[in-house]
1. Taking 0.36 nm per residue of separation and subtracting the Cα-Cα distance, what length does fully extending Asn32 through Lys69 add?
2. How tilted is helix 58-75 with respect to the longest principal axis of the chain? Cα atoms for both, answer in degrees (0 to 90, nearest 10).
3. Explain nothing, just the number: dipole magnitude of region 5-105 about its Cα centre with +1 on each Lys and Arg Cβ and -1 on each Asp and Glu Cβ, in debye rounded to the nearest 20.
4. Using the beta-carbon distance between Leu5 and Asp56 and R0 = 30 Å, what value does 1/(1 + (r/R0)^6) give for FRET efficiency, to the nearest 0.05?
5. Check which residues have an amide H placed less than 5 Å from Val25's amide H, if you skip close sequence neighbours.
6. Just to compare against my own numbers: the Cα pair-distance distribution for the chain, 10 Å bins, whole % per bin, please.
7. Let me have the 222 nm mean residue ellipticity of the chain computed from DSSP H runs of 4+ only, each contributing -39500 (n - 2.57), with the sum over all residues rounded to the nearest 500.
8. So which cysteines of the chain have no other cysteine's Cβ under 4.7 Å from theirs?
Amino acid sequence: MSDCLFCKIVNGDITPDIVYENEAVLAFRDINPRAPTHVLVIPKKHIPTLADLADDDTQLMGEIMQAAKKIAEQEGIADSGYRTVFNCKQDAGQEVYHIHLHVLGGRPMQWPPG
Ligand code: AMP
Ligand code: ZN
C-alpha cells in the first residue's frame, strides 16, 4: 500500500525509532507518546483494521502479542504492568489504517478508557 504511513515505515521510506523486529512484525516508538513507554507493534503485512483480518492471520496476530511481551521485558515494564490496545475504526479513534498494537506503560493507567 504505497499511500499507507506504516507501509512506508516497513519499506524504509520513513525511519522510526525501532525497538523490535522480526520477519513478521516491526515495533517502534510512537511519535506522540501517551505514556513513558509507548510502542506500536505492526505486522509487516498491510491489514487496514482488525475487521479485515483473514482466517490465516491467526499466526501473525500471535506474533504481535509475543512481540509485545518481549518489548515489555526490554522496556522494564513487564513486572509493573502495561496496557495493550488495538483501536478499530472511527469510534475507537483509529487514525492509521494499518493495524497496530499500542503497548503503553511506565505509569498507572485509568479504567475505563475515554
Ligand atoms: P491510532 O489512533 O490507534 O490509529 O494510532 C496511531 C498512532 O500512530 C498515534 O498514536 C500516532 O501518534 C502514531 N504515529 C503517527 N505517525 C507516526 C510516525 N511517523 N511514527 C511513529 N508513530 C506515529
Ligand atoms: Zn499499510
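Derivation of every value follows stated rules applied to the coordinates shown; laboratory data play no part. Computed from a predicted structure; not experimentally measured. Using ideal geometry, Cβ is built from the backbone for each residue, glycine included, and neighbour counts are taken over all protein chains shown.
1. 11.2 nm
2. It works out to around 40 degrees.
3. Magnitude of the dipole: close to 220 debye.
4. The value I calculate is 0.75.
5. Here Lys44 satisfy the definition.
6. With 10 Å bins starting at 0, P(r) equals 14, 47, 34, 5.
7. Using -39500 (n - 2.57) per qualifying helix, the result is -7500 deg cm²/dmol.
8. Cys88
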